[in-house]
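These notes concern the structure reproduced below.
Just so it is clear, none of the values below were taken in a lab; they were calculated from the coordinates. What you are looking at is a predicted structure, and each value in this text was computed from that prediction instead of being measured. Here the Cβ positions follow ideal geometry from the backbone for every residue, glycine too, while neighbour counts run over all protein chains shown.
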Amino acid sequence: MHVLVINCGSSSIKAEVVDADTGAAAAGLLAERVGTDGVEVTGTVAIPALPAGADHAAVLAAVLPALLAAAPGVGAVGHRVVHGGGRFTEPTHIDDDVVAGIEAVSPLAPLHNPPNLAGIRAARAILPDLPHVAVFDTAFHATLPRRARHYALPAELADRHGVRRYGFHGTSHAYVARRAAAWLGEDPRALRIITCHLGNGASVCAVEYGRSVETSMGMTPLEGLVMGTRSGDLDPGALLALMRAEGLDVDAADRLLNKQSGLLGLSGVSHDLRDIEARAAEGDERCRLAIQVYAHRVRRYIGAYAAVMGGVDAIVFTAGIGENSALMRDRIAQRMEWLGAHLDPDANRALRLTDDAPVAALSAAHSRVRLLAVRTDEQHEIARQAAAVVGTGSAAPAPAAAETPTIPIAISARHVHLTQEAVEALFGPGHTLTPRNPLSQPGQFACEETLTVHGPKRSIERVRVLGPVRPACQVEVSRTDEFFLGIDAPVRMSGNVANSPGCVLEGPAGRLTLEEGLICAWRHIHMTPADAELFGVAHGDVVEVAVDSAGRDLVFGDVVVRVKDSYALEMHVDTDEANAAELQDLQPGMLVPTQGRARVLRRQRGISG
Ligand code: ADP
């Protein structure tokens, strides 16, 4: 499918017809100095002369029909939108409400969103019959955990103004992480990748198992790395001091940090690294310093993000500087041996990315962490995502995610299993359990019967009995229940009650003292042999399960796998764990992978079926 990709900047328009699968451009135009008397259009298609001062709408009205005539078969329009605010966390089909929503978040990106919107409005008017999709630079970072999203500012004030970290360059980070994983022959969900997008704007992203968990740009694209003309990280106190000392107003401070700083400010020569490299080679001290500060900042972020993810499998360089500057890649990758990343200086110097070879390695053969340069292609990624939204694209945003099933997580409340003798002792001679409702595991049921469990300190009433009867009595409680009862019970697999503490059960027909049988259930997953094969695990394997709950990432470690023909796929956690993780019942969990398969921490012997 062909997608018309439109990227409107404040004074430029890039419009390209892109194959959503291959990324090949069938036709493309670039309009510059839009809104001035000198509008200039270059590209693969001839267009009629434009009136002086033509704005975004006038340029698009002239350009789009010519472009679509040159490259027929366009099925959707993909619009790059810089800021999606808190509302837009995925590519979104554009209707009037979405246009209003993008407008509502525009104060967060006053330079970027208004021209993006102008392009959307004009293109919808010119091409009303095509579906239009907004693809947001911020969307890939919607998975940032809360701890990475928040600034340490007064919470209400920050909320009122949407002051939090959003991150940018999301389409590029997503694209190169996926390309890198494909080149390595790995599932992105099995890798921790640090992507360094080093263009005029620059940012680093920690892509942990396919999701952005940290990125260097924040509420605006000003935070983080040294950029062409942006300062990146700066002590806010330094800004205040400069504003006072120089009498700068807000606009002047804005210009200083966004337009006069970065490589340009440091070098005093240029925002373009090519110029700076050339001058540094001639011995210019300020240019040498600019290169050192730039590289140091990137290296610092790489180290930080390796710590954030607890390790890293690949580091990716992309965009103008990342793809082309061997010198900068070399400087950044110095002294990374501690991380297991070893640069091959010859490979780095010889590296040339081409259309046929858009990915190349610059790490030594023995390097545990792979260092890669990947050519980014935001137009392709926008086309791919737009096509996926329209529903005819071959590539959904996360194609692999749909293939591995998630595991529903059930919350298991405190309960009791009884022998038939115990049933009769507690409920009367000849009594049999009365099924109330079936449980997810075939043949298991919750009973009408409940009991009181007495501990040395306190008692818990109305504890549900589960059927059918078993060869041994067992009481499964949470840690909180243990504290309440005054009993210290071990974490055990169901059925393994040897040497566990006892308690007293009380039913309508009498009391029964258990010598042993009170346990805190070990969190576990029930699955069939077919499930086990699919997940690449075996009975007794101890695995980790990641829970995808909005704004809060959590991994349950120490989860034991139980395999049996009659089981239904389900993970069981107790109420304490569910509360701590703010789980809803039957929320999906995912096995934490490594090298494309479930990571198995160890295999536990002697686990009953
Ligand atoms: P943008 O963020 O505007 O898309 P690019 O990704 O095109 O920017 O990156 C532009 C930057 O890449 C230029 O400012 C320049 O510093 C750098 N660059 C491009 N080619 C080279 C090269 N061969 N050597 C060093 N730097 C380069």
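Would you say Ser212 is within 16 Å of the ligand (Cβ to nearest atom) and hydroxyl-bearing (Ser, Thr, Tyr)?
Numbers: within 16 Å of the ligand (Cβ to nearest atom): no; hydroxyl-bearing (Ser, Thr, Tyr): yes.
No; evaluated as a whole, the condition is false for this residue.
Out of (1) surrounded by fewer than 18 Cβ atoms within 10 Å (Cβ to Cβ); (2) under 16 Å from Ile193 (Cβ atoms); (3) within 16 Å of the ligand (Cβ to nearest atom), the odd one out for Ala307 is which?
(3)
Among (1) within 16 Å of the ligand (Cβ to nearest atom); (2) surrounded by 15 or more Cβ atoms within 10 Å (Cβ to Cβ), there is one condition Glu282 misses while meeting the rest; what is its number?
With (1) within 16 Å of the ligand (Cβ to nearest atom); (2) surrounded by 15 or more Cβ atoms within 10 Å (Cβ to Cβ) applied to Glu282, the lone miss is (2).
If we scan region 153-172, do we find a residue that is out of contact with any Ser or Thr (no Cβ under 7 Å at 6 or more places or on another chain) and closer than 15 Å to Arg375 by Cα? Show your work before the answer.
Filtering region 153-172 down to residues out of contact with any Ser or Thr (no Cβ under 7 Å at 6 or more places or on another chain) leaves 153-165, 171.
Next, from what is left, pick out any that are closer than 15 Å to Arg375 by Cα: 171.
There is at least one residue in region 153-172 that is out of contact with any Ser or Thr (no Cβ under 7 Å at 6 or more places or on another chain) and closer than 15 Å to Arg375 by Cα.
Can you pull out every residue in region 479-499 that is buried (at least 20 other Cβ atoms within 10 Å of the Cβ) and closer than 16 Å to His417 by Cβ?
Asp481, Ala489, Val497
Among the candidates Arg297, Arg255, single out the residue that is among the basic types (Lys, Arg) and farther than 29 Å from Ala181 by Cβ.
Working: Arg297 fails: farther than 29 Å from Ala181 by Cβ.
From the options Arg297, Arg255, the qualifying one is Arg255.
Would you check which residues across region 323-371 are of a type in the set (S, T, N, Q), more than 16 Å from the ligand (Cβ to nearest atom) and touching a helix residue (DSSP H, G or I) at 6+ places or on another chain (Cβ under 8 Å) and list them? Steps first, please.
Applying the first criterion (of a type in the set (S, T, N, Q)) to region 323-371 yields 324-325, 334, 348, 354, 363, 367.
Still in the running and more than 16 Å from the ligand (Cβ to nearest atom): 334, 363, 367.
Within region 323-371, Gln334, Ser363 meet the criteria.
So how many residues does region 77-91 have that are surrounded by 21 or more Cβ atoms within 10 Å (Cβ to Cβ) and either of a type in the set (Val, Ile, Thr) or assigned to a helix (DSSP H, G or I) (or both)?
3
When you scan region 578-592, how many residues do you find that are among the charged types (D, E, K, R) and closer than 27 Å to Leu191 by Cα?
Step one: filter region 578-592 for residues among the charged types (D, E, K, R), giving 582, 585.
Those left that are additionally closer than 27 Å to Leu191 by Cα: 582.
Matching residues across region 578-592 total 1.
Quick check on region 372-385: of everything there that is of a type in the set (D, E, K, R) and not in a loop (DSSP other than H, G, I, E, B), which residue is farthest from the ligand (Cβ to nearest atom)? Break it down stepwise before answering.
Here is the first cut: in region 372-385, the residues of a type in the set (D, E, K, R) are 375, 377-378, 381, 384.
Now narrow it down to the ones that are not in a loop (DSSP other than H, G, I, E, B): 378, 381, 384.
Details: Glu378: 8, Glu381: 14, Arg384: 19 Å.
Here the answer is Arg384.
Is it true that Val250 is within 14 Å of the ligand (Cβ to nearest atom), of a type in the set (A, V, I, L, M) and surrounded by fewer than 18 Cβ atoms within 10 Å (Cβ to Cβ)?
Against the criterion (within 14 Å of the ligand (Cβ to nearest atom), of a type in the set (A, V, I, L, M) and surrounded by fewer than 18 Cβ atoms within 10 Å (Cβ to Cβ)), Val250 does not qualify.
Take the residues in region 326-336 that are part of a loop (DSSP other than H, G, I, E, B) and touching a strand residue (DSSP E or B) at 6+ places or on another chain (Cβ under 8 Å), then tell me which one is surrounded by the fewest Cβ atoms within 10 Å (Cβ to Cβ).
First pass over region 326-336, keeping only residues part of a loop (DSSP other than H, G, I, E, B): 333-336.
Pick out the ones that are also touching a strand residue (DSSP E or B) at 6+ places or on another chain (Cβ under 8 Å) and you get 333-334, 336.
Details: Ala333: 27, Gln334: 11, Met336: 21.
This residue is Gln334.
Please give the strands (runs of 3 or more DSSP E) falling wholly within region 487-581 in which 2 or more residues are of a type in the set (Val, Ile, Thr) and either under 24 Å from Glu449 (Cβ atoms) or in contact (Cβ under 8 Å) with a residue 60 or more places away in the chain (or both). Walk me through how you get there before you give the answer.
Numbers: elements: 503-507, 510-514, 518-521, 524-527, 541-549, 552-563, 570-574.
Counting at least 2 such residues, we get 541-549.
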